[in-house]
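**Student:** Quick one: this structure, given as structure tokens, is what I'll be asking you about.
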Amino acid sequence: MKYISTRGGMAPLEFSDILLEGLAPDGGLAVPQTLPQVTADTLESWRGLSYADLAFEVLSLFATDIPADDLRRLTRAAYTPQIFSSEDIVPLRPLDGGLSLLGLSEGPTLAFKDMAMQFLGQVFEYVLEKRGTTLNIVGATSGDTGSAAEYALRGKKGVAVFMLSPHGRMSAFQRAQMYSLQDENIHNIAVRGVFDQAQDIVKSLAGDLDFKSRYRLGAVNSINWARIAAQVVYYFHGWLRATERAGQQVSFAVPSGNFGNILSGHIARRMGLPIRRLVLATNENNVLEEFFRTGVYRPRPAEQTYATSSPSMDISRASNFERFVFDLVGRDTDRVKALWTALPRDGAFDLSDMKDQFESQYGFVSGASSHVDRLATIRALYDATGVLVDPHTADGVKVAREFVEPGIPMLVLETALPAKFSETIEEALGRPATPPGNLADLESLPQRVEVMDCDEASVRRFIEAHAKV
């Protein structure tokens with residue numbers, strides 16, 4: 001399996017090479033030259049596998065340069081009941097109205113990002129040790145990627161993490177999870193701006209090829225293909241748990257900000273997983289919902305990006321969207337490059353002539369949710385089932401209800417546990433969400449963070465001073 005860039009300017013590379021690269025040298029994103037296909041017979045043969053062994057089977061289709069015994073050891077180290085507070089790793093819980101909840105938040109940081117990040121922590125250390133080199137991870141987070149990356153990489157040999165976050169725009173629990181870490185290889189940088197601006201700095205640094213090479217910069221957010229590949233696993237797992245026979249269709253509802261989570265579902269569907277619909281749910285920052293409704297992609301500037309009660313989705317420029325458009329335009333790298341080159345100038349691009357393909361060919365439908373919707377959904381679901389969901393998952397539940405079809409299971413991807421957003425839970429139910437016992441005192445711990453202006457030069461100087469070389 002070799003990987004190319006969505007913009008056509010990268011020679012084919014192995015999995016381990018793109019693992020360490022992050023953004024492609026031409027500014028594009030790494031994608032497989034051809035997607036592996038999973039037959040119905042193979043899918044049925046996976047029914048009895050543990051999550052760790054299913055992860056090995058799926059990831060072995062993408063990481064063909066890692067010996068099978070080594071890869072199996074890595075997935076078994078990443079997905080254990082000791083790390084995830086569930087024997088199933090990802091439990092499937094029935095809700096009501098034809099919905100079920102795919103529990104992706106059983107990991108150490110209580111968010112779905114742990115599902116991929118625990119594997120990345122293992123595979124980064126493995127590849128760096130094999131190559132005798134170091135890596136400086138530079139990323140941006142709107143809340144959950146940062147803590148998941150830091151918990152997976154804290155203390156790992158040969159790796160330092162520089163994580164940018166929008167100052168004052170995450171929940172208190174999210175801030176405490178990241179900023180309370182005292183490991184010497186973890187560096188938190190809170191920038192005065194919004195997530196999109198922080199992400200722009202990361203992309204600009206990655207685009208400076210001399211700086212990237214000199215300081216061995218890598219990526220851990222979902223521009224890194226290994227994140228997408230690891231997330232593909234839980235779509236297969238969800239389908240295997242929700243079905244009883246070959247070919248049975250399932251729909252997935254996915255709260256979406258940076259488009260990585262639902263992109264993994266798109267990849268699984270193209271690999272042959274019988275997915276009926278991919279239901280994209282946004283909050284008030286509904287750039288993606290607008291695209292799937294109209295065919296026009298119109299990212300918003302920072303001043304028009306709302307601070308909402310589902311803050312991890314307060315994103316107006318979705319990094320992974322380029323990978324879907326690459327498929328949509330027939331893998332035409334010249335067209336993708338032209339679209340993204342013109343986007344800063346024009347502020348939008350129009351693919352409305354392809355709108356009929358969104359659902360018919362790719363299964364995508366979409367909807368949006370508001371603060372009032374979130375509160376009502378949290379309250380109604382808790383009253384009806386006793387299940388408490390976080391605000392982002394509530395966005396997914398609200399939109400999922402609009403697309404339930406008889407006889408087709410609708411799996412809502414849980415993105416975080418309610419304790420991470422206790423203020424909103426208290427507004428919905430009149431009482432806060434209780435964090436797990438081992439995290440009860442998290443917000444009282446000392447915090448270590450550098451606060452600075454949203455300025456590339458400042459971030460660059462900080463990395464130069466603290467990077468592993």
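The values are calculated or read from the model by the stated rules, or taken from the named source; none is laboratory data. Quick caveat, the model's predicted, so the values are computed rather than measured. Virtual Cβ from ideal backbone geometry, glycine too; neighbours counted across all protein chains shown. Accessible surface is based on the protein model in full, side chains and every heavy atom, while ligands, DNA and RNA are left aside. Shrake-Rupley method; radii C 1.70, N 1.55, O 1.52, S 1.80 Å.
**Student:** List the aspartates and glutamates whose Cα sits under 13 Å from the Cα of LYS468, skipping any in the same chain fewer than 8 residues away.
**Tutor:** GLU184
**Student:** What list of ³J(HN,Hα) couplings, whole Hz, do you get for the range 8-18 from phi and the Karplus terms 6.51, -1.76, 1.60, once you set θ to phi - 60° and write x for glycine and proline?
**Tutor:** The phi angles translate into x, x, 10, 5, x, 10, 7, 4, 5, 5, 6 Hz.
**Student:** Need one number: the % of Cα-Cα pairs in the range 399-469 sitting beyond the 17 Å mark. Don't skip to the end; give the middle numbers.
**Tutor:** Numbers: 1765 of 2485 pairs.
Summing the P(r) of the range 399-469 above 17 Å gives 71 percent of all pairs.
**Student:** For PHE349, what residues show an amide H to amide H distance below 5 Å, using hydrogens built from the backbone and excluding near sequence neighbours?
**Tutor:** Amide H neighbours of PHE349, under 5 Å, 5+ apart: TYR297.
**Student:** Per the 1.4 Å probe, what fraction of the accessible area of the chain, in percent, lies on carbon and sulfur atoms?
**Tutor:** 47
**Student:** What ranking do 13-26, 79-92 get when scored by the average of other Cβ atoms within 10 Å per residue, highest first?
**Tutor:** Per-residue mean Cβ counts within 10 Å order the peptides as 13-26, 79-92.
**Student:** What percent antiparallel are the DSSP beta bridges of the chain, to the nearest 5?
**Tutor:** 25
**Student:** For the peptides 269-276, 208-215, what is the packing order when you average, over each peptide's residues, the other Cβ atoms within 10 Å and list the highest mean first? It would help to have the intermediate numbers written out before the result.
**Tutor:** On the way: 269-276: 17.9, 208-215: 13.8.
By packing density, highest mean first, the sequence is 269-276, 208-215.
**Student:** Using the Cα centre of the range 49-186 as origin and beta-carbon charges of +1 (Lys, Arg) and -1 (Asp, Glu), tell me which of PHE124, SER180, GLY97 is placed farthest towards the positive end of the dipole.
**Tutor:** SER180
**Student:** How much accessible surface does ASP455 have with a 1.4 Å probe, in Å² rounded to 10?
**Tutor:** 60
**Student:** What helices does the chain hold that run 20 Å or longer along their axis, going by alpha-carbon atoms, with a Kyte-Doolittle average of -0.5 or more, using DSSP H for the helix calls? Could the numbers behind the result be given before it?
**Tutor:** Details: long enough: 113-131 (26 Å, -0.23); 225-242 (26 Å, 0.34); 371-385 (21 Å, -0.01).
In the chain, the long hydrophobic H runs are 113-131, 225-242, 371-385.
**Student:** Of THR424, ILE275, PHE15, which is farthest on the positive side of the dipole of the chain, counting Cα position, with +1 on Lys and Arg Cβ, -1 on Asp and Glu Cβ, and the Cα centre as origin?
**Tutor:** PHE15
**Student:** Would you mind computing Rg(Cα) / (2.2 N^0.38 Å) for the range 345-466, counting N as its residues?
**Tutor:** Cα Rg divided by the expected 2.2 N^0.38 Å: 1.51.
**Student:** Report, ordered by chain and residue number, the lysines lying within cross-link reach of LYS203, taken as a straight Cα distance under 16 Å and ignoring same-chain residues fewer than 8 apart.
**Tutor:** LYS212, LYS337
**Student:** At 222 nm, what value in deg cm²/dmol follows for the chain if DSSP H runs of at least 4 each add -39500 (n - 2.57) and the sum is divided by all its residues, to the nearest 500?
**Tutor:** -12500 deg cm²/dmol
**Student:** Now, a different point. List the equivalent ellipsoid semi-axes of the chain in whole Å, largest first, each obtained as the square root of 5λ for an eigenvalue λ of the Cα gyration tensor.
**Tutor:** Values for the chain, descending: 29, 26, 24 Å.
**Student:** So with the 1.4 Å probe, I'd like the accessible area per residue for the chain, rounded to whole Å².
**Tutor:** Normalised by residue count, the accessible surface of the chain is 35 Å².
**Student:** Show me the ranking of peptides 456-469, 358-371 by mean Cβ neighbours inside 10 Å, starting with the highest.
**Tutor:** 358-371, 456-469
**Student:** On the full set of protein chains, 1.4 Å probe, figure out the accessible area of LYS420 and give it in Å² to the nearest 10.
**Tutor:** For LYS420, the solvent-accessible surface is approximately 0 Å².
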